[in-house]
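Working notes, beginning with the structure itself.
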Amino acid sequence: MSYTFKDIKAWQKAHGLVLEVYKITKVFPNYEQYGLTSQLRRAAASVATNIVEGYKRRSDKDFAHFLNMAEASLEETKYQLLLAHDLKYLSKNDYEQLIKATDEIGRMLTGFQKKLTA
């Protein structure tokens, strides 16, 4: 069996985050469909997408660059989760669980970048 992006632990966690974000945003108000719902979904998906795109790059330096972009999208996701929580679209428990997941993904991305650039 060949190695694919699906074998990358950081991608697996990021993909899980995307699925959770889609699930929790289903109950956001309809008037947020083209606002916060869309923004949050795109930011979360961008984390996993940048990992996949970086995986196919030809050098570790390029891959590390895309992991850095994934980190930036992760920070955007964290802010949008905070905004959703402050607007009362997310419960405290859901918010805390999602932030815990983003923190774990962030640590994984940082470690992965260090490994690639060492």
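Restricting segment 1-44 to trypsin sites (Lys or Arg not before Pro) that sit in a DSSP loop and have at most 12 other Cβ atoms within 10 Å of their own Cβ leaves K26. Residues in segment 62-75 carry Karplus couplings, in order, of 5, 4, 4, 4, 5, 5, 5, 5, 4, 4, 5, 5, 5, 5 Hz; the curve used is 6.51 cos²θ - 1.76 cosθ + 1.60 with θ = phi - 60°, and Gly or Pro positions show x. Net length available on complete extension from T4 to L19 is 3.4 nm, with 0.36 nm assigned per residue and the Cα-Cα distance removed. The 3J(HN,Hα) values that the Karplus relation (6.51, -1.76, 1.60; θ = phi - 60°) gives for segment 101-118 are, in residue order, 5, 5, 4, 5, 4, x, 5, 5, 5, 4, x, 5, 4, 4, 5, 6, 9, 6 Hz. Gly and Pro appear as x.
Straight-distance candidates among the aspartates and glutamates for linking to K13, with alpha-carbon spacing under 20 Å and chain neighbours fewer than 8 residues away dropped: E53, E71, E75, E76, D94, E96, D103, E104.
Arranged from fewest to most other beta-carbon atoms within 10 Å of their beta carbon, F66, F5 become F5, F66.
For segment 33-117, relative contact order (Cα pairs under 8 Å, six or more residues apart, normalised by length) works out to 32 percent. Distances between every pair of Cα atoms in segment 28-85, grouped in 10 Å steps from 0 to the bin holding the largest one, split as 26, 41, 23, 10, 1 percent. So which of K6/K78; K26/K114; K92/K115; K6/K114; K6/K61 end up more than 31 Å apart, counting from Cα to Cα? Beyond 31 Å: K26/K114; K92/K115.
Derived scalar couplings between HN and Hα for segment 19-36 equal 4, 5, 4, 4, 5, 6, 7, 4, 9, 5, x, 4, 5, 8, 3, 9, x, 4 Hz in order, rounded to whole Hz, by the Karplus curve 6.51 cos²θ - 1.76 cosθ + 1.60 (θ = phi - 60°), x for Gly and Pro.
The numbers here are math on the coordinates, done by the rules we state, and not lab data. Remember, it's a predicted structure, so these values are computed and weren't measured experimentally. Cβ coordinates were reconstructed from backbone atoms using ideal geometry, including for glycine residues, and neighbour counts include every protein chain displayed.
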